[in-house]
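A quick write-up on the structure given underneath.
Bear in mind these aren't lab numbers, they're just calculated from the coordinates by the rules spelled out. Remember, it's a predicted structure, so these values are computed and weren't measured experimentally. All Cβ positions, even for glycine, are placed from backbone atoms using ideal geometry, and neighbour counts span all protein chains on display.
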Amino acid sequence: MNESHAISIRDRATGKEYNARVPSDRYILQSLEDQEIELPFSCRNGACTTCAVRVLSGDIDQPEAIGLSPELKKKGYALLCVGYARSDIRVETQDEDEVYELQFGQYFARGRVRFGFPLDED
C-alpha cells in the first residue's frame, strides 16, 4: 500500500483553500484532479510555469521540473504537474507571469539581440 500525504493549497487567484490527500507515487496535480480540485496547468510536462506553487511547508520531489531553475527550487518553488508529495505539505499557487519572470526575465528586455553581423536599422 502506498503512503499518502495531506496537502493544503491556497489558490491566490481565487482565494479558495483546498485540502486533500495525495499518494506519494502519483503526480500531485493528477491526484488533485481525480478529487475534482482544479488548479491552473498547461503543459503537464514540467516545462512551463503555469502550475507553479510556493511550498510553505513540507517536501515535494520534482526531478522532472525542467521549467524551474535549481535556484527557484531552492527558494521553495515547485511544479505540481510533475511533483510528488514526500510529506504533508502546504502550498500557495503563484502568478505564472511572476514565476516566468523570475525564471527567464534575465534573458529578456535587455535590448536588441546581436548576431555577430550588422543589423539593419529600422
Under a Cβ-Cβ cut-off of 13 Å, what is the net charge of the residues other than Lys73 that fall near it, where Lys and Arg count +1 and Asp and Glu count -1?
-1
Can you check what the net charge comes to around Val99, using other residues whose Cβ is under 11 Å from the Cβ of Val99 (Lys, Arg +1; Asp, Glu -1)?
-3
Near Lys75, which aspartates and glutamates are there with a Cα under 13 Å away, not counting those fewer than 8 places off in the same chain?
Asp59
Considering Cα pairs under 8 angstrom that are at least six residues apart, work out the relative contact order of the chain and quote it in whole percent.
29
Of the listed values [x] 89, 29, 20; [y] 62, 35, 22; [z] 63, 29, 23, identify the label whose number matches Cα extents along the principal axes in Å calculated from this model.
[z]
Given charges at beta-carbon only (K, R positive; D, E negative), |dipole| of segment 4-96 in Debye
280
Provide the percentage of antiparallel DSSP beta bridges, counting only those with both residues in segment 4-96; round to the nearest 5.
80
Net charge near Asp88 (other residues with Cβ under 12 Å of its Cβ; Lys, Arg +1; Asp, Glu -1) is +1
Apply the Karplus parameterisation 6.51 cos²θ - 1.76 cosθ + 1.60, with θ equal to phi minus 60°, to every residue of segment 30-37 and state each ³J(HN,Hα) to the nearest whole Hz, in sequence, with x for glycine and proline.
4, 5, 5, 4, 4, 9, 6, 9
